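Reviewing the structure listed below.
Just so it is clear, none of the values below were taken in a lab; they were calculated from the coordinates. From a predicted model like this one, the values you see are computed outputs, not experimental measurements. For neighbour counting, all protein chains shown are included, and Cβ atoms are generated from backbone atoms with ideal geometry for every residue, glycine included.
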Amino acid sequence: MPPILQLRSVRLTIGGHPLLDGAELSVSPGDRIAIVGRNGSGKSTLLRIAAGELAADQGERFVQPGCRMRYLPQEPDLAGFKTAIDYVLGGLEDETEGYRARAFLEDLGMREDAVCATLSGGEARRVALARALAAEPDILLLDEPTNHLDLPAIEWLETWLSATRTAFALITHDRRLLSDVTNSTIWLDRGSTYRLEKGFSAFEAWRDERLEQEELERHKLDRKIAAEEHWMRYGVTARRKRNMRRVGELADLRRDKREARGQTGLVDMTTQAAPASGALVIEADRITKSYDGAAPLVSDFSIRVKRGDRVGLVGANGVGKTTLINLLTGELAPDSGTVKLGAQVLRATLDQRRASLPPTTTLKDAVTGGGSDWVEINGVRKHVIGYLADFLFQPEQARTPIGKLSGGERGRLMLARALTMPSNLLVLDEPTNDLDLETLDLLEELLADYAGTVLLVSHDRDFMDKVVTSVIVAEGKGRWVEYAGGYSDMVAQRLEAAPVSAPARVATPARAETSKLAAKRKLSFNEQRALTELPKQLDNLHREIATLEGKFADADFHARDPVDFMKVSERHAAAKDELAAAEDEWLRLEMLKEELEGKG
């Protein structure tokens, strides 16, 4: 189908460096596009150009006449509007359609009379989402819509995006959301865009294959230059006049190598080692906490956290996750009950709002504490410029005030600062906000290798599944319950599918349908057989994926047999998709079985 929005050959230079260099974006009816790339690669800039908020230096922008488009920026500006309903109605072309504005605010758990000037970051994001969706646009451009949203709101948005006929382009670090709702992917890398006509679930294997091919081509270029330089030394003198063309070709090869923009580096994360804590890190016994006589945020909660545990906390915004973290770490005294910290506990904390330092503090002073040019990691002194470079900061940024950093840069800086502190207990409050996908992968690896204990607050379901060993969930009225395993394990163990209490309209259609079915019938023969067969299928797929990934470990595989390499890559992506689908089906049937048995 012809595009309803198109960017062609877009170029934009910022600070003398090309940010976008021939980038393209095409959105047709039915497109559900994931836009991915490193922090600072220009994803938000590309979306702003597409929305008409920013003019490119060069290139073409086409929007089909009559097309209705809505754009959600990373930081919505609600200035000039008194209440939430005023702001949402301001985005409608016809105020008689105000019923939609009210419906979306209700779906997202927001009051119509909420005062814009007093909204938190998550509340402002909900109101801005309601404004964008209520307009019933033909195209939605969404820049990090899940930042600062809680799980009920994220799951509601996922359900809406899955069901809508609106075409959309989406930037988010939430890999599960991307995998579940997209059907094509645009990778923005070193100023250029590359399109994959598959959803995000197939992206990472495709990206890695492209990077391997690029590395192979770079290696071939290096070898060709070396061969030509050898000829220059020993062959040009006798044949100078006849071979000046070849001399020129060598100059061209060198220019190609010089002008090639290398892949952006990866963050280099290392934790500062500390002596091991005692075997028991935290022991809380029947703790309760409330404020100003209100209903308790934590009521009669007990837990024992042992060395090496990785405990995640999930719950809707405002239920008391940060309060519970502060109680468990001794930062806050309970109204009743006791909290004991084990021996030799050294804590490092990443604050949710990244606001533990004044905005005038420079990057250099943030990681050194001020008055020094060095940091020490595990007994090795490292110059602050080199340490900042490990987190992808340029040397000239060392004296930049924190207040001038982007959200992703602030996230990386606060990680860098937290990791300079010796610790055997890491407390991470929403560490994934604003981080790109590659940095998330490295943070997951760091936490997997961390020798101490981790307390983690996050709304990122995929990140929780890969990191934590147990999950504490807010069940309502101050009650918190711990479940073994990751986020998906917790969902499977609960009688109710929803992970946290939420407005009634936030329930997903799939869950509502499951509840209706549970009230009427028992498991069918086919469903019982599927419950028996699916674990075998999952085991087979896990083994197949491991075998395929073993083939990728052969560095010469692509060069030796590129056709087979492509077949293996395609099968690997397909097997991953089959595994995800089988896991979802098994989880659905297990949830249905538990509910049926509970009613029997």
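Placing a pseudo-label 7 Å from each Cα along the Cα-to-Cβ vector at R8 and Q394 gives an inter-label distance of 3.2 nm. Mean separation of Cα pairs under 8 Å and 6+ residues apart, divided by the residue count of the range 328-466: what relative contact order is that in percent? Computed value for the range 328-466: 28 percent relative contact order. Rounded to the nearest 5, the antiparallel percentage of DSSP beta bridges internal to the range 327-443 is 55%.
FRET efficiency for the I385 to M566 pair, using the beta carbon distance and R₀ = 51 Å, is estimated at 0.75. Work out, in µm²/s and without decimals, the Stokes-Einstein translational diffusion coefficient of the range 5-201 at 25 °C, 0.890 mPa s, Rh from Kirkwood over C-alpha pairs. So the translational diffusion coefficient is about 143 µm²/s. With the simple model of a label 7 Å out from the Cα in the direction of the Cβ, M1 to D292 spans 5.0 nm.
Cα centroids of the range 538-563 and the range 402-416: how far apart, whole angstrom? Centre-to-centre (Cα) distance: 38 Å. Remark: for residue pairs K321/K466; K466/K536; K404/K466; K198/K567; K321/K477, the C-alpha separation exceeds 24 Å in K404/K466. Scaled against 2.2 N^0.38 Å for its residue count N, the alpha carbon radius of gyration of the range 280-502 is 1.07. With R₀ set to 25 Å, the beta-carbon distance separating D373 from E75 gives a calculated FRET efficiency near 0.15. Ranking of C67, C116 by neighbouring Cβ atoms within 10 Å, starting from the fewest: C67, C116.
In percent, rounded to a whole number, the relative contact order of the range 5-201 is 31, using alpha-carbon pairs under 8 Å and six or more apart.
When each of the peptides 162-173, 32-43 is scored by the mean number of other C-beta atoms lying within 10 Å of its residues, the order from highest to lowest reads 32-43, 162-173.
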